[in-house]
Amino acid sequence: MRSVRASLPSTPPEPEARALPLSGPGLLGLSLTLIVLITLADVLTPASLVVGTLLSAPIALAALGVSKVWTLRLTALVVAGNVLAAVLNGLRDGASPTDLGNRLVSVLAALLVGGLSLRAREATARAARLAEEERRLARERALRGLVEAVSGPFGQAEFVSRAAQALRTLSGAQSVEIGSVERAVLRAPHAVSPAGAPAHLDTRLPLEVLARPAGTGRVWAAQGGDLLLARLSRPLGDDLLLLLTRPTAAPDVLEEAVLTLQPLLDRTALLDDLQLRQAQLQERGELLQDLVYAFSHDLRTPLMANAMNMRAALRGAYGELPADYRATLRHGLDANATLLALADQLLLVARYESGEREGELESVHLRDVTVGVLTQLQARAGERDVSFETELEGVRVPGLKHDLRRAVQNLLENAVRFSPPGGRIRVTLDAEGDEAVLRVLDEGPGVAPGREATLFQRFRAGGAGGGTGLGLYLTRRIAEAHRGRVTYTRTARAQSVFSLSLPLETP
């Protein structure tokens, strides 16, 4: 690569902005001198020569570079010069109608030239403003196109590829190359536009290209102005170097483009980091899910074998056992049942968290499911001196029978656990509109104030919904998976009500 020059290439001025041979003050001085000289000549010559007509020339000359105010002043001076010359010529030579007519034509010509000069000046200024507005709009359109081209949920590789194409369109460059600078070598993410243009990937770049010369802006020149360079900083990596070959756009346009790209690149880097972290979280989640599956499966086998042995012992398979030992075995069976229920809950949690669905939906007779759970809990409720009152309507819902049974069981076990001795649990099942609503009302202490918001979240033990902290959470997930919901309310009579609402089966 050829050596780099430290300064930006000089941009040729616009045609309408090129300097005139004389500046405004120079033109004003020249116009005033001409007015004085022509007025003197007009005074010194006979009126028939009509030298005053030449006074229109300084007005037209001055309009090229002086202000509107001075154009008016010069016009007034020319009119005054004509009047002065007419008076002096008349005193000296007399005033004939022809001379007065010629003098009137000279004054009108000065006024006409002055008026036309002002109109031409205004038209030129308006054209310049329109041209500048058109350039501004074109620049805004080009920058908007650049933003639209690189905006979106892109990674850095896609961003670099799109930015190279968009910059080439905006700058009119023969080629645009973008790459990451790592120890003076151009690395990925890398892109070049057009695809067949020379590239410098994995090439060591000279120091003159890598270092921005002092006193320059964000864009600097190399190779005699044929190559423009810029840098984009990356918060989580090396800078990106932009190489534009023979661009037609002005350097200030390219600087504005670089300023526009920088925040978009920062957002892209954050998106890459977010996607990386999401992938790591997904990997960890899958690992935890596999661990839960393995733990629950491996836990069930020894628990079930242990329960079989304890039941066999209670039936007398090992001979007559002391009463204390039989009580211990019964407690062991209860503990086993609790652990098996926990294993089932963990399996369900893992399945619902992963979004898996076990089997196809079937028609579930919700009353039969509820009666089955109530029958299973009768013994436990009797131990706590808790009774059930039921009012169950026969309704059917589409769903997974095993999961719905778990949801109903969680609500009823929760009511038995927290009901006071001698308490009553009222269980109702009704069809309300297009929903089946199961309500479980108990006389327990209810949910502590402030816990309602987290009642159906994972591992929120303490008070109603306590225990492992998974029961009510699973109930919520099962209800949501069946397009239903579960809610908790406290009645005016200090009773807790859990409601499970599920869509009715469509005939």
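The values are calculated or read from the model by the stated rules, or taken from the named source; none is laboratory data. Remember, it's a predicted structure, so these values are computed and weren't measured experimentally. Don't worry about glycine lacking a Cβ; one is built from the backbone with ideal geometry, like all the others, and counts go over all protein chains shown. Side chains are part of the model used for accessible areas, which takes the heavy atoms of the whole protein and leaves out ligands, DNA and RNA. Shrake-Rupley method; radii C 1.70, N 1.55, O 1.52, S 1.80 Å.
Nonpolar atom fraction for the range 124-212, defined as the carbon and sulfur part of the 1.4 Å probe accessible area, stands at 52 percent. Each residue was assigned an accessible area with a 1.4 Å probe, and for E389 the value is about 70 Å².
The average projected area of the range 361-450, computed from the convex hull of its Cα atoms over all directions, is 6.5 nm². The solvent-accessible area of H331, taken with every protein chain present and a 1.4 Å probe, is close to 130 Å². Ordered by 1.4 Å accessible area with all protein chains kept, Y488, Y325 run largest first as Y325, Y488. Taking R0 as 30 Å, what FRET efficiency do you get between E389 and L314 from their Cβ-Cβ distance, rounded to the nearest 0.05? The pair E389/L314 has a calculated efficiency of 0.35.
The spacing between the range 191-269 and the range 482-507, judged by their C-alpha centroids, is 63 Å. One chain, two ends: T338 and M304. Fully extended at 0.36 nm per residue, the span grows by 11.1 nm beyond their Cα-Cα distance. Largest first, the residues E435, E134, E383 sort by 1.4 Å accessible area into E383, E134, E435. Taking all protein chains together, I38, I425 sort by accessible area into I38, I425, largest first [probe 1.4 Å].
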